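The values are calculated or read from the model by the stated rules, or taken from the named source; none is laboratory data. Predicted model, so just to flag it, every value in this text is computed and none were measured. Note that we place each Cβ from the backbone using ideal geometry, even for glycine, and neighbour counts take in every protein chain shown. For the accessible areas, the whole protein counts, side chains as well, though only heavy atoms, and no ligand, DNA or RNA atoms are used. Shrake-Rupley method; radii C 1.70, N 1.55, O 1.52, S 1.80 Å.
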Amino acid sequence: MASAETAGLLNNQREIVRQLADFPENIWADRIASFTLDKQGYEMYAKEIEMLKEEVMSMLLETEKPMMEKFHLIDKIERLGISHHFEDKIEQQLQELFYTYPNFQEHPECDLLTAALQFRLFRQHGFNISCGILDQFIDDNGKFKESLCEDIRGLLSLYEAAHIRTNGDKILEEALAFTTTHLTLGVPHLGSTPAKQVKHALEQPLHKGIP
């Protein structure tokens, strides 16, 4: 009886056939195996990067650069995702601007685009800036001036600034509704590039994206 049971178990084991996985050939094997670092090329690119960093640094520290240009330069550096190379200098520049020009709204070149940009940059970097910088764009009824509707770049800047609001920033709540409405209505009348910028901002504002 025992031998019969043993024979049965052996037969069952023979019937179990395990399939081997048929993995496709690794198309990267040869390429990775033959990779060699071009040291000369690496050094050339590293040197070029350092030269570009020095060039941007000199632009940041340029003392003759107008205040408005400095704000726009910092914004461009952050939008390019390279601000980590210049964190200390950007903080230094913003601190100097914040304490040197306390009344930004009185500057003759302070249009909606620049005023909203200043507000956003200062708020993003932890400066306690008041929403009062936007008062000049409010009419007697406490609403944003309808004349701003044609300033698409200014509306876009204000829209981005509105996302840096905190509790109690009623003017920024109104700014978000105002800009969202008029940017949406304006898209069909814009050129290709501005329309893409506005659509992208409406889908994902800077504050909700990644550097």
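With the whole protein complex present, Ser130 retains an accessible surface near 80 Å², based on a 1.4 Å probe. Label the range 134-175 by shape, choosing from rounded, prolate and oblate, from the square roots a ≥ b ≥ c of the eigenvalues of the Cα gyration tensor; if a/c is under 1.5 it is rounded, and otherwise prolate applies when a/b is larger than b/c, oblate when it is not. Note, shape of the range 134-175 comes out oblate.
When only the heavy atoms of the protein chains count and the probe is 1.4 Å, how do Arg79, Arg123 rank by accessible area, highest first?
Numbers: Arg79 130, Arg123 45 Å².
From most exposed to least exposed: Arg79, Arg123.
Using Cβ point charges alone (K and R +1, D and E -1), the dipole size of the range 44-148 about the Cα centre works out to roughly 280 debye.
log₁₀ I(q)/I(0) of the range 104-180 at q = 0.13, 0.17, 0.23 Å⁻¹, via Debye over equal Cα point scatterers, no solvent, to two decimals? For the range 104-180, the Cα-only Debye profile gives -0.32, -0.57, -1.10.
Counting only heavy atoms of the protein chains and using a 1.4 Å probe, Ile82 has close to 60 Å² of accessible surface. In this structure, the residue pairs whose Cα-Cα separation is over 24 Å, taken from Lys47/Lys89; Lys39/Lys76; Lys65/Lys196, are Lys39/Lys76; Lys65/Lys196.
Arranged from highest to lowest average of other beta-carbon atoms within 10 Å per residue, in what order do the peptides 143-151, 203-211, 112-120 appear? Intermediate values should be presented prior to the final figure.
Working: 143-151: 14.6, 203-211: 11.7, 112-120: 23.2.
Ranked from most to least packed, the peptides come out as 112-120, 143-151, 203-211.
Only alpha carbons enter this Debye calculation for the range 82-211, each as an equal point scatterer, and the log10 of I(q)/I(0) it gives at q = 0.14, 0.15, 0.17 Å⁻¹ is -0.65, -0.75, -0.95.
Please compute, over every Cα-Cα pair in the range 113-152, the percentage with a separation greater than 14 angstrom. Can you show the working numbers first?
Numbers: 411 of 780 pairs.
In whole percent, the share of Cα-Cα pairs in the range 113-152 beyond 14 Å is 53.
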